[in-house]
Amino acid sequence: MAESPQPSESKPSANKISLSRRSIVYSLAALLLAGHLIDIVFFTEHWPFSRYPMYSRLMSEPKLTKVRVYGVTDDGEVPLTAEPHFPPLTMSRLSAVVSRMGEYRNDSTKMSAAMGNLATIYERARRAGKHDGPKLKFLRVYAVSWTLKPWADNIEQPDKRVLLVEAQCSEG
Amino acid sequence: MKGSVLDLQRRVVDPYLFQPQGPGTLGFLRLFFFSYLFWLYVGVDHSGWADLSSLFWTTWSEFDLLGIPPLAKPLLRIVDLTWKASLVAAAIGLWTRHSMTVSLLLGTYLMGMPHNFSKIGHYQGLLLLAMLVLTLSHCGDAWSIDAWRKRKQGHKFEPSGEYTWPIRLVWLAFAIAFFAAGWAKLIGDGSVFTARGWTWDHAWFFAKEGWLFNDNLKYQFMLHHYLDDRDLPALGLYIAQSSGLCMFLAVSTIIVEMLAPAALFSRVARCTLIPSLFLMQLGNAMLLGVHQSFPWLPIYMFWIPWGPWGQWIRDANLLRRFREVGRSYLTAAGKQAANNLFWLTSLTILGQLCALGGVFLMTEAMGKATFGLVVTALFMQRYFLRVGCAGVKPIIVREIAKNPDQLDMLATSHFVITLVSSSLVAILTTVVVWLAPVTTDERLLITLLAWGNIAACTNLRPLFDAQHQQPKGAWVTFFSELVALGALMVMCAYGQITFVGVGLVFAGKWLFTTLGQAALYHWTTRRFHWNFSGANIRFLLNSSWPIMLTLIVSSIPLTFGVVIVRYFKGEEFAADIGLAQQLTTAFVTIVGLCGRVIDPHIAGQYGLRKTFIKKLAVFASVMWLTLYAIALGGTYIVFTYIIRQEFSGALLPAALMLLGALLVDIARMGGSYLVVLRRERRVFHANLLTAITFLATVFAFMQIHPVIGTSVATVLATSVGAVFIGLSLYAEYRNRCSIGTPDWSLGESSE
């Protein structure tokens, strides 16, 4: 495929492809190149182009803070994960979505609506049999912090847990 | 200037993009790409996005800027189903251009939808761009229903540059993506440039504080273990312990990523950088849990030069050759061996799965330290077995193959030797263990295993082997394993899994196996006739004791590590190495099956013929490679999905020990030839050398890390043993050539 003999100069292989067709190909190549370069140079993201910055953020110390969602039942708190409790969110997107709620901290109506939405998604998935989690009375969002340990043996004992928001789950 | 640009385009760019080739490669890539995309998304219900509140909608997203609305749930469901149907149609090449256009348009919407909710993901973008390229291409001209229809109408697809440029453009997008990722890691968010332009201070900043030379990657390896959506093997944590290794990986990552564009133009770069990037992403998937479904696999497929491969297969007429080679194995003996191998392999795999199931149950039901003690005792039993059998089993196979008329006498001698020897082992073990400073529970367990070992030693496996009836014995073994697994499950269900209980289950299993085999042999194969001969026993023992010593010594690298680790580093580490060794044992058992079927043929009249040896070499190479790949995959699945994370430290040791086991089997097959040539002592010397190498290195390596160090010592020692066997065989070959012996590669058989 890639390494077959080079076409002779006197009879270039490309001449069977029309100019308009070649223009499309060059335009497409330019689009792929320019789309990425703009994001790379200007530190922006224009999906589906990207500067692919994943894991580029530096960690200068072994500290981690994650936003976590917990459900409250009569028996206490249970940690909830995106899959299977909040479909179709993934864990990283659930964290992003929940962090986003910080924008509404001065607007209690929007905050409770956002939390109510998450509670509804949880309950709908539960009733649909997508998970076997308990029926919840409250939904809580915590900022959980750890000092990273070499063998990660303190996962269940975070350094700090700060309650960010709590919302009552509707009875329905 | 304008002229030179046009010249560059004509001389360089056009030949690069439009080099003619047939439609096969691009068609195959389309088939794979859309099939893989369908597999990735078939279980994803995109209609769920309609349930999310608009409060989470990101106002800066492209959807918002372009005024694309989030659809209502029923509509989204229809779009979702239509998209998946279009992916299938595009994959099989049905109305290819139209189905790809639909899949591109709907895919842009559905794959882009999640990015409107607070976070932009990064793997779908490249897939979508590749889909765009394919949609504009003529990729439906091969491997498609459309192409099949057109060919039936007499249409011919000539080689063309139309089948090359899509591949090159996907390469381009791929290379830029990785370059961007490397660049982003190198300069971070770019804030360093905003102040005063470039200075040497910046260079110092990159070196000291940047992604390359600090503990950043170390923390990355650690933090993924704190995320609660993934269950990761502990290997990442092991790597994080070494700052030097982390720094090496960081530097390698950035170099490989930033050099990715070189792969567009250089064959050498393609052969080195692309596999490196693949391995890097595989490592990310395994150790960090990032994109474990490996969504960019279809993009990597674009880098493989399928064309020459296809041509080579056509030119070499491989299919015809495979058929011919297959036919050459279909002699009467070959058919019998294949039949026996099939049943023996199937039943032993099932039996080993039951045994492993029992081990996994114990890891689940017991604490790590308790499991460490049990697994140590089980590995000690392997040594009781070696001594109890007195090395007589392979000798029995050899003697029955050579003297079938003495079968009754040999069967009687086998029973007497193994019964007496294993009883002595049981008595001695009981005395020692009741004097040793161990707990009563451990004492009871080891005692039960030692007495149950009498049954294990007297089993009739060599009689079935010698008469080419291996499956019969394997059926009984499988049922015993099944019953034992059932017993362990009941004990677990009732929370009654104790040392004594485990000992009774294992002893009972061996007893049931031997009694069952004896009954089956007596009633279906050949009735026993007592024929005692002291001279025969002496003859057998004379041949067997080196084998016994060999077996004991040879098992040291693969099984003695757990005992050493248990008594020098504690039960917790013993549990890890024990689990790794347990998996290795299952592998050795399955690989050894082939040996059991092949050994009688090696000892037979054609065993030393050149054609037989050639066939054996081909068969064994394929078998070893296949089984090793399967074992690695299986081990990864076990540690990812079955075993508790507490045991994930055994993953790397298991992979290493599997390699050691493979080397042991290679040496074992070579050893079979030395036994046939009556060079048993040479086999013993090889195994002694292996064991000494292991014991000499394990204590040093264990200081670096108890579990990984032990496994590395195993690989090292088994390599030494395999090389020694190889050299011995070569020396024997040279020797026989020089004296003109009419076998050993000199005869051309027609069996």
Between the range B:30-67 and the range B:81-125, what is the separation of their alpha carbon centroids in Å?
9 Å
5 angstrom amide H check on A:V165, placed H, neighbours 5+ away:
A:V141
Sequence order, the range B:64-76: Karplus ³J(HN,Hα) from phi using 6.51 cos²θ - 1.76 cosθ + 1.60, θ = phi - 60°, Hz rounded, Gly and Pro as x, gives 5, 5, 8, x, 7, x, x, 7, 5, 4, x, 5, 4
Once you average over the residues of A:84-94, how many Cβ atoms of partner chains fall within 10 Å of each Cβ?
5
Loop-only check: which trypsin sites (Lys or Arg not before Pro) in the range A:40-114 are DSSP coil with at most 11 other Cβ within 10 angstrom?
A:R105
Would you mind checking which residues have amide H under 5 Å from A:T73's amide H? H placed 1.01 Å from N; only 5 or more apart, or other chain.
A:V78, A:K137
If one takes the longest principal axis of the Cα atoms in chain B, at what angle in degrees, from 0 to 90 and to the nearest 10, does the Cα axis of helix B:651-676 lie?
50 degrees
For chain B, what does -39500 (n - 2.57) per DSSP helix run (n ≥ 4), summed and divided by total residues, give at 222 nm, in deg cm²/dmol to the nearest 500?
-24500 deg cm²/dmol
In whole Hz, the Karplus estimates of ³J(HN,Hα) for the range A:42-47 (6.51, -1.76, 1.60; θ = phi - 60°; x where Gly or Pro) are 9, 6, 10, 9, 10, 3
Assuming R0 = 30 Å, can you tell me the calculated FRET efficiency for the pair B:R230 and B:L186, based on Cβ-Cβ distance, to the nearest 0.05?
0.65
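Of A:K16/B:K84; A:K63/B:K569; B:K402/B:K472; A:K137/B:K119; B:K335/B:K472; A:K66/A:K137, which sit over 27 Å apart, Cα to Cα?
A:K16/B:K84; A:K63/B:K569; A:K137/B:K119
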Label B:K402 and B:M301 with points 7 Å out from Cα along Cα→Cβ: what is the distance between them in nm?
5.6 nm
Determine which residues of the range B:394-409 fall in the zone a paramagnetic label at B:A535 would reach in this model, i.e. backbone nitrogen under 18 Å from the point 7 Å along Cα→Cβ.
B:399-400, B:403-409
May I have the pair-distance distribution P(r) for the range A:43-170, computed from all Cα-Cα distances with 5 Å bins from 0 and rounded to whole percent?
2, 9, 16, 20, 19, 14, 12, 6, 1, 0
Which semi-axes, in whole Å and largest first, does the equivalent ellipsoid of chain B have when worked out from the alpha carbon gyration tensor as the square roots of 5 times its eigenvalues?
56, 34, 27
Normalise the Cα radius of gyration of the range B:327-739 by 2.2 N^0.38 Å (N = residues in it) and let me know the number.
0.95
Per-residue ³J(HN,Hα) for the range B:612-629, Karplus 6.51 cos²θ - 1.76 cosθ + 1.60, θ = phi - 60°, Hz, x for Gly and Pro:
5, 5, 4, 4, 4, 4, 5, 4, 5, 4, 4, 4, 4, 5, 5, 5, 5, 4
Listing A:E61, A:E156, B:E571 by rising number of other beta-carbon atoms within 10 angstrom, fewest first, gives A:E156, A:E61, B:E571
Given R₀ = 41 Å, FRET efficiency for B:V290-A:T109 by Cβ-Cβ distance, to 0.05?
0.65
Partner chain coverage, peptide A:142-152 - average Cβ within 10 angstrom
4
On the first, second and third principal axes, largest extent first, how far apart are the outermost C-alpha atoms of the range B:207-305 in Å?
40, 33, 17
Work the Kirkwood hydrodynamic radius out for the range B:14-163: mean of 1/r over every pair of different alpha-carbon atoms, inverted, in Å.
16.7 Å
Calculate the translational D of the range A:17-57 in whole µm² s⁻¹ from Stokes-Einstein, where the hydrodynamic radius comes from the Kirkwood formula applied to all Cα pairs, the temperature is 10 °C and the viscosity 1.306 mPa s.
139 µm²/s
Please report B:K152, A:K137, B:K569 as a ranked list, fewest other C-beta atoms within 10 angstrom at the top and most at the bottom.
B:K152, A:K137, B:K569
Where a ≥ b ≥ c are the square roots of the eigenvalues of the C-alpha gyration tensor, would you call the range A:22-95 rounded, which needs a/c under 1.5, or, failing that, prolate if a/b is larger than b/c, or oblate?
oblate
Helix-only mean residue ellipticity at 222 nm, chain A, DSSP H runs n ≥ 4 weighted -39,500 (n - 2.57), per residue, nearest 500. What is it?
-11000 deg cm²/dmol
Expressed to two decimals, the protein assembly as shown has a Cα Rg over Rh, using the Kirkwood radius, of 1.02
Global geometry of the range B:47-132, whether rounded, prolate or oblate, following the gyration tensor of its Cα atoms and the 1.5 cut on a/c
prolate
Global form of the range B:4-88, assessed from the alpha-carbon gyration tensor, a/c cut-off 1.5
oblate
I want to check the label-to-label distance for B:T331 and B:W57. Put each point 7 Å from Cα in the C-beta direction and report it in nm to one decimal.
7.7 nm
With a Förster radius of 41 Å, plug the Cβ-Cβ distance of A:T147 and B:R267 into 1/(1 + (r/R0)^6) and report the FRET value to the nearest 0.05.
0.30
Taking a label point 7 Å from the Cα of B:E364 along Cα-to-Cβ, the residues of the range B:643-668 whose backbone nitrogen sits under 18 Å from it are B:643-648
How far is helix B:243-258 tilted, in degrees, relative to the longest principal axis of the Cα atoms in chain B, given as a value from 0 to 90 rounded to the nearest 10?
40 degrees
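For a footprinting-style exposure proxy, rank B:T345, A:T109 by other Cβ within 10 Å, fewest first.
Fewest-to-most Cβ neighbours within 10 Å comes out as A:T109, B:T345.
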Per-residue average of Cβ from other chains inside 10 Å of B:554-562
0
Label-point separation in nm, B:S243 to B:V438, each point 7 Å along Cα→Cβ:
4.3 nm
Sticking to Cα atoms, compute the Rg of the range B:376-461 to one decimal and its Dmax as the biggest Cα-Cα distance, whole number, in Å.
15.0, 51
Give the span of the range B:332-385's Cα atoms along each principal axis, as three whole-Å numbers ordered largest to smallest.
52, 25, 8
Just to confirm the number: angle between the C-alpha axis of helix B:392-402 and the first principal axis of chain B, 0 to 90 degrees, nearest 10?
80 degrees
So if I place +1 on the C-beta of Lys and Arg and -1 on the C-beta of Asp and Glu, and nothing else carries charge, what would the dipole magnitude of the protein assembly as shown be about its Cα centre? I want it in debye, nearest 20.
2420 debye
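No value in this document is a laboratory result; all are computed from the given coordinates. Given the structure is predicted, the values throughout are model-derived calculations rather than measurements. So basically every Cβ, Gly included, is an ideal-geometry build from the backbone, and we count neighbours across all protein chains shown.
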